[in-house]
Amino acid sequence: MSAFRTSAASLLRLAADGTLADRVAEHLWAVRQGVSPAERRSWTNSLPVLAQDLADAGLGQVEVLVEYQLPLTSRRIDAVLAGVDPRSGDDSYLVVELKQWSYATAYEESETLVAVEHARGARLHPGVQVEDYCQYLTDFLGILGRQRYPLHGAAYLHNAVDRDVADLLDRPGTEQSRLFTKQRRGQWLEYLRSRFAPKSGAAAADRFLTSTVRPSRHLLRYAAQELKERPQFTLLDEQHVAYELVLHAVEWARQANCQAPGLMDSWLAGFQGCGDRVGHRV
């Protein structure tokens, strides 16, 4: 698997001398991946914040895997932190999704979709996004199947205060979907210290990057069942957004049908017709 790899302390030095975005871009070009202006802006604006937070938490030796490419896909994670668990001494890994959002609300009362200021269309709740990444990695990386503790995940909205993303904070967090804002930076630093000891994460990063890639535990056992039930596999990013938008539209049509009987039947009939015309059943 591919990633731009460095320690948190080195990441902070690259940010300080203004070469961080160039170094990440060079890595992606070397593995034949394109780089957009938006990605460069994201690295410049978000990665130095993460590096400074790790330094302030006393975790400069934690390894940071930037733009880690998920196995068997072209999708990339903002950062995976690799280090040593302060309690057990085992390898510890944290998937981090960095968001520059300052203001976001629930998308039409959805629990999984959000509307972001100055962005078009619905976006996936960052907690859901990072949880999907954790599930996918757990399904496919052999090293995680041998871990005694689950892979952890967190979304960090480092430009937002709580009141401006209150809808997002309403969603209960899990070990794979914690959400932090800049207003909760103190909690974020304490969380990082709870996940990593102030020791080198180089060996843990080695094992993560060289882990065998194995089929999802669902792949063989539930291949036939997947044709009927989506939850057997993890959808990522736009795939998950599309799925949630369809469910959202169906729910709105159902509610409208309660007020105007027959409306949903007509809507589903039309949707069924479209599916039949392209050779698929709804």
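Each row is one residue, and each column tells you yes or no for (1) in the same structural domain as Ala106 (by TED's automatic domain parsing); (2) among the polar types (S, T, N, Q); (3) farther than 24 Å from Val128 by Cβ.
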| site | (1), (2), (3) |
| --- | --- |
| Asp170 | yes, no, no |
| Ser177 | yes, yes, no |
| Arg185 | yes, no, no |
| Leu192 | yes, no, no |
| Pro198 | yes, no, yes |
| Ala203 | yes, no, yes |
| Leu209 | yes, no, yes |
| Thr212 | yes, yes, yes |
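Considering every residue within region 129-136, establish whether at least one is of a type in the set (S, T, N, Q), more than 28 Å from Ser10 (Cα to Cα), at pLDDT 90 or above and surrounded by 14 or more Cβ atoms within 10 Å (Cβ to Cβ).
Yes, region 129-136 has at least one match.
Evaluate the following for Thr181: is it modelled with pLDDT of 95 or more, surrounded by 15 or more Cβ atoms within 10 Å (Cβ to Cβ) and hydroxyl-bearing (Ser, Thr, Tyr)?
Values: modelled with pLDDT of 95 or more: yes; surrounded by 15 or more Cβ atoms within 10 Å (Cβ to Cβ): yes; hydroxyl-bearing (Ser, Thr, Tyr): yes.
The answer is yes for Thr181.
Say whether the condition of being more than 21 Å from Thr212 (Cβ to Cβ), among the hydroxyl-bearing types (Ser, Thr, Tyr) and in the same structural domain as Ser92 (by TED's automatic domain parsing) is met by at least one residue in region 120-137.
Keep residues of region 120-137 that are more than 21 Å from Thr212 (Cβ to Cβ), which gives 120-132.
With among the hydroxyl-bearing types (Ser, Thr, Tyr) added as a condition, the list becomes none.
For region 120-137, residues more than 21 Å from Thr212 (Cβ to Cβ), among the hydroxyl-bearing types (Ser, Thr, Tyr) and in the same structural domain as Ser92 (by TED's automatic domain parsing): absent.
Would you mind listing the strands (runs of 3 or more DSSP E) fully within region 120-219 where at least 2 residues are touching a Cys at 6+ places or on another chain (Cβ under 9 Å), touching a residue at least 40 places away in the same chain (Cβ under 8 Å) and within 28 Å of Gln61 (Cβ to Cβ)? Can you show your working first?
Values: elements: 122-124, 152-157, 178-181.
Because the criterion is at least 2 residues that are touching a Cys at 6+ places or on another chain (Cβ under 9 Å), touching a residue at least 40 places away in the same chain (Cβ under 8 Å) and within 28 Å of Gln61 (Cβ to Cβ), the strands (runs of 3 or more DSSP E) in region 120-219 that meet it are 152-157.
Looking at (1) in contact with a strand residue (DSSP E or B) (Cβ under 6 Å, 6 or more places away or on another chain); (2) surrounded by fewer than 23 Cβ atoms within 10 Å (Cβ to Cβ); (3) at pLDDT 95 or above, which is the one condition that is false for Tyr107?
Failed condition: (3).
Just checking, which of Arg23, Arg13, Arg32, Arg40 is assigned to a helix (DSSP H, G or I), charged (D, E, K, R) and without any contact (Cβ under 8 Å) to a residue 12 or more places away in the chain?
Working: Arg23 fails: without any contact (Cβ under 8 Å) to a residue 12 or more places away in the chain; Arg32 fails: assigned to a helix (DSSP H, G or I); Arg40 fails: without any contact (Cβ under 8 Å) to a residue 12 or more places away in the chain.
Result: Arg13 is the single residue among Arg23, Arg13, Arg32, Arg40 that is assigned to a helix (DSSP H, G or I), charged (D, E, K, R) and without any contact (Cβ under 8 Å) to a residue 12 or more places away in the chain.
Quick check on region 111-120. Is at least one of its residues of a type in the set (A, V, I, L, M) and closer than 13 Å to Val95 by Cβ? Lay out the reasoning, then the answer.
In the first step, residues of region 111-120 are kept if they are of a type in the set (A, V, I, L, M); the result is 113-116, 119.
Of the ones still in play, those that are also closer than 13 Å to Val95 by Cβ are none.
Scanning region 111-120 turns up no residue that is of a type in the set (A, V, I, L, M) and closer than 13 Å to Val95 by Cβ.
List the number of the failed condition for Ala223; all other conditions in (1) among the small types (Gly, Ala, Ser); (2) over 30 Å from Val84 (Cβ atoms); (3) at pLDDT 95 or above hold.
Of the numbered conditions (1) among the small types (Gly, Ala, Ser); (2) over 30 Å from Val84 (Cβ atoms); (3) at pLDDT 95 or above, the odd one out for Ala223 is (3).
The values are calculated or read from the model by the stated rules, or taken from the named source; none is laboratory data. Quick caveat, the model's predicted, so the values are computed rather than measured. Glycine also receives a Cβ, built like all others from the backbone with ideal geometry; neighbour counts cover every protein chain displayed.
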